[in-house]
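Notes follow once the structure below has been shown.
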Amino acid sequence: STNSGTFTFTDLSTDPSITYLATVAANGISYSGGLVNLSPITQTLGTTVAVFETTDDPSGIRINRGHWIVDQQPGAILGGAIYILGNTGDRTFVGQQVEGVDVPVTAAIMVPPGATQVALDNGEIGDRYRQVGDVIYDTLPIVPGSSTRQIVVRYAYPFDGTSADLSQQFLYPADQLTLLVADVPGTTVDAPALEFAGPQDMGGQAYQIYRANDLP
């Protein structure tokens, strides 16, 4: 179910900063090879682009790495999730029909019930992404391989008390999951399904880190 082609780049320039990328479009899906850097010493290199058959079977989709990030501001908890998805199958998953969406959808992610101000990187709801209730769907195909798709979602969760029970459901098996909670003075976290990995400074912001592996 895989076809591949080999491309050769030849460059006679002396600019080592030039990077080449071979891209092939098949059935409306874009496939790329690895980045190629040439130099005056190495002026010719080859790269291979694999093109896959397609499927509407989502069983190969999984979360290779997931990051759930929780912060706060007056009146709301700020949540976000980074999904790094892979496809363990040998065909490109082009999606399937779901009720409430007029095009086939691929990756499905959930936001907590009651979440507001939902925003995603690299696309908008109603265009690339579609939302039905608390589920947001991507519409781009997912090619085979590990970590072949990244989706970033952010949202606000209205909050005016002293504690909150924030639930985030993940719709695929997860190889690695990390919870990062902004280490604001007075904040305590109860995450019994995850293992506390200690505090960590990231870009000047301290977080309490929790982790889990091989979640079903």
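Residues that are open to solvent by less than 50 Å² (accessible area, probe 1.4 Å), assigned to a strand (DSSP E or B) and free of Cβ contacts under 8 Å to residues at least 60 places away in the same chain within region 55-102 comprise Thr55, Phe93, listed in sequence order. Tell me, please, whether a residue that is modelled with pLDDT of 90 or more, open to solvent by 40 Å² or more (accessible area, probe 1.4 Å) and farther than 23 Å from Arg211 by Cα can be found in region 104-113. Yes, some residue in region 104-113 is modelled with pLDDT of 90 or more, open to solvent by 40 Å² or more (accessible area, probe 1.4 Å) and farther than 23 Å from Arg211 by Cα.
Here Gln117 meets each of (1) touching a Lys or Arg at 6+ places or on another chain (Cβ under 9 Å); (2) in a strand (DSSP E or B); (3) open to solvent by less than 60 Å² (accessible area, probe 1.4 Å) with one exception, condition (3). Does Gly145 fit the bill of being over 16 Å from Gly60 (Cα atoms) and of a type in the set (Gly, Ala, Ser)? So Gly145 does not fit the description; no. Here Arg130 fulfils each of the conditions (1) at pLDDT 95 or above; (2) open to solvent by 30 Å² or more (accessible area, probe 1.4 Å); (3) touching a Pro at 6+ places or on another chain (Cβ under 8 Å) apart from (3).
Tyr155 falls short on exactly one of the conditions (1) at pLDDT 90 or above; (2) farther than 22 Å from Gln117 by Cβ, and that condition is (2).
The values are calculated or read from the model by the stated rules, or taken from the named source; none is laboratory data. From a predicted model like this one, the values you see are computed outputs, not experimental measurements. We place every Cβ from the backbone using ideal geometry, glycine too, and count neighbours over all the protein chains shown. Surface areas here come from the heavy atoms of the whole protein model, side chains and all, with no ligands, DNA or RNA. Shrake-Rupley method; radii C 1.70, N 1.55, O 1.52, S 1.80 Å.
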